[in-house]
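The values are calculated or read from the model by the stated rules, or taken from the named source; none is laboratory data. Here the structure is a predicted model, which is why all the values come from computation and not from measurement. Because the Cβ atoms are built from the backbone with ideal geometry, glycine has one as well, and the counts that use them run over all protein chains shown.
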């Protein structure tokens, strides 16, 4: 009997398994490194680090292991581990290779993060697990970002980081710079983005840098950066996905990847169509995306071609049916991007990039438009050419220098301006220099400086408009211990007025005449950011940040006769952001993000609109075997808005004072579930489970409960 007990005891002892997890960071910048390969020698076990640098093995037996850690741009590392218990706090520091690569602290194809930033990364896994269908839906679920829109697939979506922008009819606040693989993709006239053309299903990750980063990216990045990073596949595959859902939604995607010794080729075909949740909110999108990468020459070329049709739903006011809109917009978009990196001797690179963007938008009436509601057709023909060159140099493995220049040429041919201006031509550019210096093993200093200029030509009858400014930044990063990092930043942002803010002339259906202002002054922002990051505390990651921004000469459309673009009095904003992630066990993960924002008119003369003070996003994810379940919630506090449809108005000279109203607080609950088969996956989604009625813009009702079912197959 004793032998039996001894046998059972030894069997239990030797059959016990353990978990091994940790974090991988750059030794020089203290930043997490994603996509690092961690393999166990003499086995077929291997994992890759996520966007936070975290990795984990589970079910390992008690033994001595040797880990091989490797990543492009870093020296390989062998690490011996004696596994006798669960280990969850290994910190692995990788040293940079002597030769620079694009993997060294980059955002997409541009190395803008070499001055350290705490960056929010939304991985392709999150995009897939939450089954995001549109960019608007994705960004509404990120802390610190607010989105106002007509509907998820609508044209007029306004993105605001930390209260940098609000919504006013007639104009866009382009204080957030949006990039695709590091290339600017905004439309010349308004500075807005054609979100319908962006390949959501082809993204590797989305990077969000919050706060002014004009020291590298210049004019339109004073509120922050959103960089959409597309996938680079290292294997061949074919994949098809079909989705059906509420409001007659039908989506179909087909993508593929082909790899040779020198060339990798990827492509995506996409078709989306739906009736929309209310009158004239229908949409149809056809998208083609391709990327070709030559490994030997480090040369990549990518192309996006998009054709879309969108209804333009009007305001929904029961007692004013005349506010219904019958307008339709058709848009053709094209993005052609080229990137080339040339490696030099003595640890240097020269990087060249070029992009050409084209947008043609045609607004017209529906076929069922009443005779008295008919309007003239209008078109917007926008083209841009973007060129950039920069020199990168690693000095004595402790200093990383970048100097460069860029030039952006934009042309807008707009039908409503034919009798006023010739084709509007805008030339923008800048010169920049940045240096990252390792002072000690724990202290890193970053310094950046950029000079910007912009010149606008309105034709022979009008004088040119020009703007220029200098944007500095200083950043200090302190690595307190293996898992704690502090970051301090002082920076200045700059933005010159957009073409729409200076030259817009538009008479709305609801009786307000909107007009640009050629005499606008450029905006400036002075910012202080403090951030703290703590990772891997008993399977927990925590980040905290606080900020204070001071805006000078902020541009806004002020209600009056006419509605006029003006420089506002000084504005300040401050806030706190907290993000928390806790791995409850191998199958269950909890995440939450909270944002507090306060925006003030320092002189108390203008109302602050569409800036909710509190926002909370949270999710509970369970993934066991082939089945996953996600419950997500979103809370957003009340928002002030100025009711410009009201007949209750006051006049102060030429300015109109409409009553200030509030949008209700918002609380939404969503569910996502999926089941994986051998080479396929079935997903089910319920958005707005409790069928909450809500608005993000005055008198624009958003959809209630929606259902979606998708089937995906790889072969």
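General observations
- Matching residues in the range 418-450 - criterion: being at pLDDT below 90, in contact with a strand residue (DSSP E or B) (Cβ under 7 Å, 6 or more places away or on another chain) and more than 30 Å from residue 25 (Cβ to Cβ): 423, 424, 425
- Flag if residue 473 is surrounded by fewer than 21 Cβ atoms within 10 Å (Cβ to Cβ) and either in a strand (DSSP E or B) or within 25 Å of the chain's Cα centre (by Cα) (or both): no
- Here 380, 352, 335, 400 are screened, and the one residue that is touching a strand residue (DSSP E or B) at 6+ places or on another chain (Cβ under 9 Å) and either surrounded by fewer than 19 Cβ atoms within 10 Å (Cβ to Cβ) or closer than 24 Å to residue 275 by Cβ (or both) is 352.
- For the range 91-99, the condition holds for at least one residue, the condition being that it is under 30 Å from residue 490 (Cβ atoms), more than 16 Å from the chain's Cα centre (by Cα) and at pLDDT below 80.
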